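The values are calculated or read from the model by the stated rules, or taken from the named source; none is laboratory data. Note that the structure is a prediction, hence the values are computed from the model and not measured. Heads up, the Cβs are rebuilt from the backbone with ideal geometry, glycines too, and the neighbour counts pull from every protein chain shown. In case anyone asks, the SASA skips ligands and DNA or RNA and just uses the protein heavy atoms, side chains included. Shrake-Rupley method; radii C 1.70, N 1.55, O 1.52, S 1.80 Å.
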Protein chains: 2
Amino acid sequence: MTEPSLPIQHYYHDDFSWCYGCGTNNASGHHFETRWDGEETVTEYLPRPEHTAIPGFVYGGLLASLVDCHSTGSAALALYRQEGHEPGDGAPVPRCVTASLHVEYLKPTPMGVRLQVRGRIEEISVKKAVVVSQVAAGEQVVATARVVAVRAPQTMTG
Amino acid sequence: MTEPSLPIQHYYHDDFSWCYGCGTNNASGHHFETRWDGEETVTEYLPRPEHTAIPGFVYGGLLASLVDCHSTGSAALALYRQEGHEPGDGAPVPRCVTASLHVEYLKPTPMGVRLQVRGRIEEISVKKAVVVSQVAAGEQVVATARVVAVRAPQTMTG
């Protein structure tokens, strides 16, 4: 059995760890964590009771948020691996932002079930990755997503 | 000068007013409000300090959430108007959910600026509307969106 890989968000530079979705420093945020599972990326989350849409079902905006950070995290993992690195090896981790987010909601997502997002890297270049994902609630795929994530521009980090 | 129109979210059935994004009954939520402005729909929101991505810029998941409720609210307004009704006239208001959400992030969205989402109804049928929107931070358009919103299915409301 292999060790589970480490979440990329734990290795973002401290200045870039304030994201409401996945920043380890954001006390109010969701703290999404994204890691490799072989060639796929995985983010899991149990929505809180307030994350409802219509009672009994998860808020679509929360699913979009989960997909958003999962995808920027997946892009960071992929760019990092492309450079020969894995989380924990000490090299600076790229920080990505979302250029395009597309979510298809296939069926209502039940509350009270741990969600799992699984992603694969559809395209990658030096500064961009396209991440295609499925969101599952238990055995049921409830949404699919395609996200274009790019390295954070100088205007954000400079 | 015409009276500003009333937000549709104030007229959702009480059982369907728990949405994390726009439910008037959700104490933890964002309380987005969507109203007509002529033939366009408008939702405004000032992100809270914790809704950050990289410091100084708004979290993309928050923008997606804003677009999500703006669009389901716009669809509800449009279906309601198609039936001859306006918010406040007492007829039951349709409740919509998101089938497809697509957001293009054009540039980083600065924190500390009230955001305005303006939508128009691109297509409408008896049970569905396609809402096309722009998100502006002051004079600057920071994102565009296209959302397919459908009447909440019986499995959610029955």
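A few points about this structure:
- Meets criteria (open to solvent by 50 Å² or more (accessible area, probe 1.4 Å), under 20 Å from A:L66 (Cα atoms) and out of contact with any Leu (no Cβ under 7 Å at 6 or more places or on another chain)) for B:E83: no
- Residues (within 14 Å of another protein chain (Cβ to nearest Cβ) and either without any contact (Cβ under 8 Å) to a residue 12 or more places away in the chain or closer than 12 Å to B:V150 by Cα (or both)) located in the range B:69-100: B:S71, B:T72, B:G73, B:A75, B:A76, B:P94, B:R95, B:C96, B:V97, B:T98, B:A99, B:S100
- Subset tally (residues that are within 14 Å of chain A (Cβ to nearest Cβ) and more than 20 Å from A:A27 (Cα to Cα)) for the range B:1-43: 18
- Residue match in the range A:67-74 (condition: out of contact with any strand residue (DSSP E or B) (no Cβ under 9 Å at 6 or more places or on another chain), within 17 Å of A:E39 (Cα to Cα), open to solvent by less than 10 Å² (accessible area, probe 1.4 Å) and not in a loop (DSSP other than H, G, I, E, B)): no
- Of all residues in the range B:133-156, those satisfying the criterion of being surrounded by 19 or more Cβ atoms within 10 Å (Cβ to Cβ), of a type outside the set (G, A, S) and closer than 22 Å to B:P47 by Cβ are B:V135, B:V142, B:V147.
- Filter result (open to solvent by 40 Å² or more (accessible area, probe 1.4 Å) and assigned to a loop (DSSP other than H, G, I, E, B)) within the range A:34-55: A:G38, A:E39, A:L46, A:R48, A:P49, A:E50, A:P55
- In the range A:9-19, the residues that are part of a loop (DSSP other than H, G, I, E, B), of a type in the set (F, W, Y) and in contact (Cβ under 8 Å) with a residue 40 or more places away in the chain: A:Y12
- Only one entry in B:I54, B:I8 is in contact with a helix residue (DSSP H, G or I) (Cβ under 6 Å, 6 or more places away or on another chain) and at pLDDT below 95, namely B:I54.
- Of residues in the range A:21-33 being without any contact (Cβ under 8 Å) to a residue 12 or more places away in the chain and open to solvent by less than 20 Å² (accessible area, probe 1.4 Å), the one farthest from the chain's Cα centre (by Cα): A:N26
- Residues of the range B:86-105 satisfying the condition of being charged (D, E, K, R), open to solvent by 60 Å² or more (accessible area, probe 1.4 Å) and not in a strand (DSSP E or B): B:E86, B:D89
- B:L46 meets the conditions (1) over 11 Å from the mean Cα position of the chain (by Cα); (2) farther than 30 Å from A:W18 by Cα; (3) away from every other protein chain (no Cβ under 14 Å) in every case but one. The failed one is (2).
- Only residues that are closer than 17 Å to A:F57 by Cα and aromatic (F, W, Y) were counted across the range B:11-42, and they come to 4.
- Any chance A:V130 is open to solvent by 40 Å² or more (accessible area, probe 1.4 Å) and farther than 17 Å from A:P7 by Cα: no
- The criterion of at least 1 residues that are within 14 Å of chain A (Cβ to nearest Cβ) and basic (K, R) is met, among strands (runs of 3 or more DSSP E) falling completely within the range B:106-158, by B:128-137, B:140-151.
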